[in-house]
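The values are calculated or read from the model by the stated rules, or taken from the named source; none is laboratory data. Everything numeric in this text was worked out from a predicted model, so none of it was measured. Reconstructed Cβ throughout: ideal geometry from the backbone, glycine too, with neighbour counts over all protein chains shown.
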Amino acid sequence: MRKMIDLVKSGLKNMGITQLNPMQLKAIETFETKSDMVLLAPTGSGKTLAFMLPLLGTLDSTSDKVQALILAPSRELALQIEQVFRQLGTGFKVNCCYGGHAIKTEINNLKHPPAVLIGTPGRIADHLRRESFSPSGIRTLVLDEFDKALELGFQVEMKEIIWQLKRVQQSILTSATHMDEIPAFTGIKNPVELSFINKDEQSKGLSLKAIRSEGRDKLDAFFRLVCHLGNAPMLVFVNHREAADRISNHLDEKGLAHDVFHGGMKQEERERSLIKFRNGSHHLLITTDLASRGLDIPEIKYVIHYHMPSREEPFVHRNGRTARMNAEGTAYLVLAEDETQPEYITDDVEFETLGDFNELPQEPDWVTIYIGSGKKDKINKVDIVGLFLKKGKLQKDDLGLIDVLDYCAFVAVRRDKVNKVLQLLSNERIKNKKLRMGVSK
């Protein structure tokens with residue numbers, strides 16, 4: 001117990017967190033009872049820390065095996081969990097495995113097993129078949145966003161993985177929705193359920209509005225809505241990847257800065273889109289329901305439903321991206337001329353009439369610079385900050401979020417400083433390595 005308290009305090013200090021929320025405190029308390037746990041809480045409520053902090057107390061620094069396995073339904077969520085663990089600064093090794101990442105790199109990493117292994121079900125199952133690591137030391141299993149994993153069809157892979165975990169002592173299942181029944185293959189027995197889902201509370205700060213297009217094609221009405229809303233952060237949800245690409249092409253023709261995020265994109269493209277959205281280089285992200293849950297993205301002022309989902313549950317998750325944590329936000333429905341409002345929307349919806357709002361929103365304050373070196377080149381955030389402040393002659397306020405990936409890095413810089421800093425750094429090196437850099441496309 002003392003060990004866990006010390007690790008938690010140290011980790012929170014490293015992350016700059018002074019106080020845990022009630023859900024996180026209750027999860028830690030429940031974990032200490034050694035019971036299996038089902039944690040139900042909405043997106044953005046801090047579930048990752050809720051299971052990560054108590055897990056720290058189970059780790060043994062003398063073990064040379066994987067001790068905890070965390071399964072996540074998407075690559076982005078897996079990477080996000082890994083980032084949280086690294087920020088805690090525990091000293092324990094962590095690895096992340098997911099489709100789209102070089103399998104050879106992962107196999108090499110697993111030759112020296114991490115204490116905590118995070119991954120998507122498909123890739124972890126693949127590694128177990130290859131015997132890349134031994135599951136014999138795994139004592140803690142976390143099934144994060146489990147309902148989403150089932151929805152994406154990972155049941156077979158999860159069943160295959162869990163069947164091989166013979167020595168699990170404690171399991172944690174998290175979900176953003178209530179579940180009628182927990183599948184037997186999870187091995188979870190008599191769990192303590194902690195529910196922090198309150199539908200009324202979730203929608204308290206949310207305003208619902210709608211616009212109606214002239215005719216069946218919504219593109220023109222949508223474009224006018226975006227121009228009307230300005231450069232505030234907004235997520236645009238569609239039901240199909242092809243629709244996201246079609247809208248993107250239309251906005252390109254109009255000269256409106258934006259990005260796209262969906263499962264049909266390459267992993268590096270998806271990472272880049274999220275990074276630029278998080279750091280403020282783009283305020284508009286067109287996405288499928290892939291971005292409705294689990295991802296660490298900033299508070300969104302507007303959610304726009306270009307397409308309405310067929311069920312209420314995805315609608316609630318989409319809207320959960322705004323009006324979070326006592327904040328206020330607005331969800332817009334974009335309806336075709338003859339399109340009816342879904343029956344699951346029982347709240348009053350205010351219809352707005354748009355004028356000819358065709359003036360493009362103001363450009364974002366930030367621009368993302370791409371650097372062609374990353375973690376594998378031993379480059380870290382401290383190196384980049386030092387270079388951009390000293391040699392690039394930036395002030396601290398001119399430097400935004402920095403993301404360092406395996407083979408590249410992304411740096412947000414004030415728009416009016418970009419050209420000058422690129423000029424100053426054109427021949428610079430970090431750790432004796434000449435840097436390739438430019439504005440990220």
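Checked against the criterion of being at pLDDT 95 or above and over 24 Å from Arg75 (Cβ atoms), the candidates His250, His305, His228 yield just one match: His305.
For first residues located in the range 9-38 and closer than 20 Å to Phe85 by Cβ, partners that are of a type in the set (Phe, Trp, Tyr) and assigned to a helix (DSSP H, G or I) and lie 6+ apart or on another chain with Cβ distances below 7 Å form the pairs Ala27/Phe51; Met37/Phe31.
Taking the criterion of being among the aliphatic types (A, V, I, L, M) and closer than 24 Å to Val168 by Cβ, the residues of the range 80-120 that qualify are Ile81, Val84, Leu88, Val94, Ile107, Leu110, Ala115, Val116, Leu117, Ile118. Taking strands (runs of 3 or more DSSP E) as the structural unit, those lying wholly within the range 365-417 and holding at least 1 residues that are surrounded by fewer than 21 Cβ atoms within 10 Å (Cβ to Cβ) and of a type in the set (Phe, Trp, Tyr) correspond to 366-371. Going by what's in this entry, would Phe133 be described as assigned to a helix (DSSP H, G or I), among the aromatic types (Phe, Trp, Tyr) and either over 30 Å from Leu354 (Cα atoms) or over 21 Å from the mean Cα position of the chain (by Cα) (or both)? Taking the combined requirement at face value, the residue does not satisfy it. Set side by side, the residues Lys26, Lys65, Lys93 differ, and just one is touching a strand residue (DSSP E or B) at 6+ places or on another chain (Cβ under 6 Å), surrounded by fewer than 21 Cβ atoms within 10 Å (Cβ to Cβ) and at pLDDT 90 or above, which is Lys26.
In this entry, Thr48 is excluded by the filter for residues that are more than 21 Å from Lys376 (Cβ to Cβ), out of contact with any strand residue (DSSP E or B) (no Cβ under 9 Å at 6 or more places or on another chain) and modelled with pLDDT under 95.
Among the residues in the range 106-121, are any at pLDDT below 90 and assigned to a helix (DSSP H, G or I)? Checked against the condition, which is being at pLDDT below 90 and assigned to a helix (DSSP H, G or I), the range 106-121 yields no hits at all. Applying the condition of being in a helix (DSSP H, G or I) and out of contact with any strand residue (DSSP E or B) (no Cβ under 7 Å at 6 or more places or on another chain) to the range 150-160 and asking which residue is surrounded by the fewest Cβ atoms within 10 Å (Cβ to Cβ) yields Val156.
In this structure, does Ala78 turn out to be small (Gly, Ala, Ser), surrounded by 23 or more Cβ atoms within 10 Å (Cβ to Cβ) and at pLDDT 95 or above? No, not satisfied. Filtered by the rule that a residue be in contact with a Gly (Cβ under 8 Å, 6 or more places away or on another chain), polar (S, T, N, Q) and part of a loop (DSSP other than H, G, I, E, B), the range 32-81 gives Thr43, Ser61, Ser63, Gln67, Ser74. Of the set (1) farther than 14 Å from Asn239 by Cβ; (2) part of a loop (DSSP other than H, G, I, E, B), all apply to Val303 but (2). When His178, His228, His240 are checked against the criterion of being surrounded by fewer than 15 Cβ atoms within 10 Å (Cβ to Cβ), of a type outside the set (D, E, K, R) and closer than 26 Å to Leu274 by Cα, a single residue qualifies: His240. Is it true that Arg216 is in contact with a helix residue (DSSP H, G or I) (Cβ under 9 Å, 6 or more places away or on another chain), assigned by TED's automatic domain parsing to the domain that holds Tyr302, of a type in the set (D, E, K, R) and surrounded by fewer than 18 Cβ atoms within 10 Å (Cβ to Cβ)? Judged against the criteria, Arg216 is not a match.
Restricting Gly215, Gly230, Gly263, Gly280 to residues that are small (Gly, Ala, Ser), out of contact with any Phe, Trp or Tyr (no Cβ under 8 Å at 6 or more places or on another chain) and farther than 21 Å from Asp356 by Cβ narrows the list to Gly263.
When we screen Pro298, Pro342 for residues that are surrounded by fewer than 19 Cβ atoms within 10 Å (Cβ to Cβ), under 19 Å from the mean Cα position of the chain (by Cα) and either outside the structural domain of Ala176 (by TED's automatic domain parsing) or modelled with pLDDT of 80 or more (or both), the only hit is Pro298. Test Gly372 against the criterion of being closer than 27 Å to Leu235 by Cβ and in contact (Cβ under 8 Å) with a residue 12 or more places away in the chain, and give yes or no. So Gly372 does not fit the description; no.
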